[in-house]
1. Are any of the residues in the stretch 299-309 more than 19 Å from the chain's Cα centre (by Cα), part of a loop (DSSP other than H, G, I, E, B) and surrounded by 13 or more Cβ atoms within 10 Å (Cβ to Cβ)?
2. Tell me, yes or no, whether the stretch 196-206 has at least one residue that is open to solvent by less than 60 Å² (accessible area, probe 1.4 Å), within 18 Å of the chain's Cα centre (by Cα), of a type outside the set (Val, Ile, Thr) and farther than 16 Å from Thr111 by Cβ.
3. Identify, by number, the condition in (1) on the phi > 0 side of the Ramachandran plot; (2) open to solvent by less than 30 Å² (accessible area, probe 1.4 Å) that Ile216 doesn't meet.
4. Are there any pairs, at least 6 apart or on different chains, whose C-beta atoms fall under 9 Å, with the first in the stretch 170-182 and touching a residue at least 40 places away in the same chain (Cβ under 8 Å) and the second open to solvent by less than 60 Å² (accessible area, probe 1.4 Å) and hydroxyl-bearing (Ser, Thr, Tyr), and if so, which?
5. For the condition basic (Lys, Arg) and under 20 Å from the mean Cα position of the chain (by Cα), what is the one hit in Lys35, Lys106, Lys21, Lys91?
6. Could you please give the count of residues in the stretch 108-133 that are open to solvent by less than 70 Å² (accessible area, probe 1.4 Å) and within 14 Å of Ser55 (Cα to Cα)?
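The values are calculated or read from the model by the stated rules, or taken from the named source; none is laboratory data. Only a predicted model underlies this, so the values are computations on that prediction, with no experimental measurement involved. We place every Cβ from the backbone using ideal geometry, glycine too, and count neighbours over all the protein chains shown. Surface accessibility is based on the protein's heavy atoms, side chains included, excluding ligands, DNA and RNA. Shrake-Rupley method; radii C 1.70, N 1.55, O 1.52, S 1.80 Å.
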Amino acid sequence: MENLKQEVLKGFEINPKSIIKSKHSYICKTSGKTKVIQKAQASESALVCADKLKSELEKKGYPVYDKFYKSTQNLPYFALDGEKYIMTDFKDFSDSDFSDGNDVKKIIQTTALFHRISKTINIETDTKTNILNIYEKQLANFKNIKKNISSKGSFSEFDVIFIKNYDYFLKKASNAMSLLKDLFKNPECSRNFELLCHNNIKEETAVKYNGTTSLISFENVSKGLFISDFSDIINRYVRKHTPPALSFESILETYFKINPLSDTEIKILQAILKFPAKYMKICCDFYSKGMPFVPNSIINHLKCIISQKNIYENYTKYI
């Protein structure tokens, strides 16, 4: 990692006493608060949107840990030589653990709070996410993969795993899509696509600081199906903790206490949880890249999901 350019420091009007380079950022010790400067991967519009959202969330009582500082360009970033830099206060927070039931409850609580508050925020996002379109494309690609494999003269280990489990995951995906399409004939369901969705809740974006847990990194926020955030948390927890210690009922109750869902929204959640999104994405991404070899990490990932399918079925069988 190269040294931090002086122009960037001037752009944020700081004169640090020392700079410590970490893997992806620069920790700048000043006479006041310690700051963190890092290159931003998001677009300019996504950074501006995230900045506005954080300000609104903070006004409404949500704990914002990574608020951007304005640069001399009067933007929540400093642009230099085709790169964008962002600066935040340094906070010694730690990642959440999705295999820890207590951590997961706190992640659910802060996500529910974010969803509840964001319903009162009117903000235009960089993108809109239509999960129905995403699932339809994945399902179509999944079927095409089967056709392409069938025409091969020899099969890789990945091909064999795909073929053996094709019927199971095709049925799961098709049934979930049928449920979602029926649900979205209802105008109430369509309104769910206009609510804010974080889209990137994981260990390093649901962080712990001073005894509280909060979401950070809002650059991927979009108008979309907010319930998909909740389903992502449930799926990640089941994968990380086998068998899950928290009951499915207690997970729902934890979320509902802060952000109650309507009967229709609960049905949407049920349908999304039935769709094997992780398995479909891994398969579609692998075949679309046309890799000449199959990395062991991908094979192991697939095998892990397949080995957990009965546990997942039992865990969500009451929905």
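1. yes
2. No, the stretch 196-206 contains no residue that is open to solvent by less than 60 Å² (accessible area, probe 1.4 Å), within 18 Å of the chain's Cα centre (by Cα), of a type outside the set (Val, Ile, Thr) and farther than 16 Å from Thr111 by Cβ.
3. The failed condition is (1).
4. Taking only residues 6 or more apart or on different chains, the pairs are Lys172/Tyr279; Ala173/Tyr135; Ala173/Tyr279; Ala176/Tyr135; Met177/Tyr135; Leu180/Tyr135.
5. From the options Lys35, Lys106, Lys21, Lys91, the qualifying one is Lys106.
6. Within the stretch 108-133, residues that are open to solvent by less than 70 Å² (accessible area, probe 1.4 Å) and within 14 Å of Ser55 (Cα to Cα) number 5.
Every residue, every condition in (1) outside any helix (DSSP H, G or I); (2) touching a residue at least 24 places away in the same chain (Cβ under 8 Å), yes or no:
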residue: Thr213; (1), (2): yes, yes
residue: Ile251; (1), (2): no, yes
residue: Cys283; (1), (2): no, yes
residue: Glu313; (1), (2): no, no
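Every residue, every condition in (1) open to solvent by 70 Å² or more (accessible area, probe 1.4 Å); (2) touching a Gly at 6+ places or on another chain (Cβ under 6 Å); (3) within 30 Å of Lys281 (Cα to Cα), yes or no:
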| position | (1), (2), (3) |
| --- | --- |
| Lys59 | yes, no, no |
| Leu75 | no, no, no |
| Met87 | no, no, no |
| Gly101 | no, no, yes |
| Tyr135 | no, no, yes |
| Ile149 | no, no, yes |
